[in-house]
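To start, the structure under review is shown below, and the notes come after it.
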Amino acid sequence: MSLPDKSQWLCPNWNPHPAVRVCVTTRAGDHSPKPWHGFNLGLNCGDQPARVEQARHHVEKILQADHPAAWLWQVHGKQVIRADAQDNEADGVWIDQQRWPCVVLTADCLPVLLARTDGKAVAAVHAGWRGLQAGIIAEGVASIAPNGEPVSAWLGPAICGQCYQVGDEVYRAFTENRPAFKPAFQKDATPNHWRFSVAHAAIIELAQLGVDDVHGGDLCTACDLSRFYSYRKEGETGRFASLIWLDGGGQ
Ligand SMILES: [Zn+2]
């Protein structure tokens with residue numbers, strides 16, 4: 001059994017502000033057995049809770065933050081909470097305090113990391129198609145930039161537009177009232193099905209929210225099972241974490 005070190009995680013090339021820190025865990029490590037093999041951080045995917053808690057503590061030890069990370073109980077909704085909230089049932093979390101990691105867990109859904117370009121607040125959002133369609137990204141942006149302060153975004157590893165087949169109901173949910181989302185869908189060979197790019201949909205949504213400084217979005221979970229977990233490709237599997245926090249030196 002071995003735990004990963006930080007060199008095995010992703011450090012996105014995204015610098016919205018010098019105080020903003022970002023990190024994405026991978027499956028590197030030998031902590032959980034199959035089908036979560038690697039380094040699973042998800043509590044609601046069948047793995048042993050004690051083992052997952054141990055993995056989460058390992059992440060916090062490596063980050064050396066002042067506060068435990070704000071682990072959420074994700075439900076594919078559009079609720080975004082502050083990191084110090086009592087109830088953690090939400091799909092997005094934000095903070096304006098130093099060294100308090102915000103985290104979302106995914107295995108195909110899109111992790112969206114948001115930062116104010118003045119370095120005053122950050123957020124992590126879990127955007128599957130349901131959450132995205134419900135407006136989770138808008139909630140995340142509003143949480144950190146209530147007065148329209150400039151925001152930059154980074155899109156983490158998620159199932160890509162070639163790998164993700166969806167039914168007509170997903171296409172209709174997005175495009176019936178908002179045709180701007182049509183470019184995120186390509187017709188599939190199977191009748192009444194589409195290939196859907198969650199990252200493309202997020203870019204469209206962010207543009208409509210006035211966020212044009214968008215990075216990442218080029219890593220696919222299903223195309224790269226050596227580094228990521230993919231629920232669509234693997235069925236029962238683990239979850240990796242996308243983390244964002246502030247470390248500007250002071251309080
Ligand atoms: Zn792919």
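Tabulated data for the structure shown
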| item | result |
| --- | --- |
| For the chain: relative contact order, % (alpha-carbon pairs under 8 angstrom, 6 or more apart) | 25 |
| Under 12 Å from the Cα of K78 - aspartates and glutamates, other chains or at least 8 residues apart | E89, D91, E139 |
| Distance (nanometres) between label positions extended 7 Å along Cα→Cβ at K34 and D168 | 3.9 |
| Subset of K6/K61; K61/K120; K34/K233 violating a 22 Å alpha-carbon distance limit | K61/K120 |
| Per-residue Cβ neighbour rank within 10 angstrom, fewest leading, H126, H31, H17, H200 | H17, H200, H31, H126 |
| Only Lys, Arg (+1) and Asp, Glu (-1) charged, at Cβ; segment 97-251 dipole about Cα centre in debye | 140 |
| Length gained when the stretch N44-S2 is fully extended (0.36 nm per residue, less Cα-Cα span) | 12.9 nm |
| Of W73, S242, S32, farthest towards positive along the dipole that unit charges on Lys, Arg, Asp, Glu beta carbons give the chain | S32 |
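Quick note: the coordinates plus some simple rules give every number you see, no bench work behind them. Keep in mind the model is a prediction, meaning the values are calculated, not measured. Positions of Cβ are generated from backbone atoms using ideal geometry, with glycine treated the same way; all protein chains shown enter the neighbour counts.
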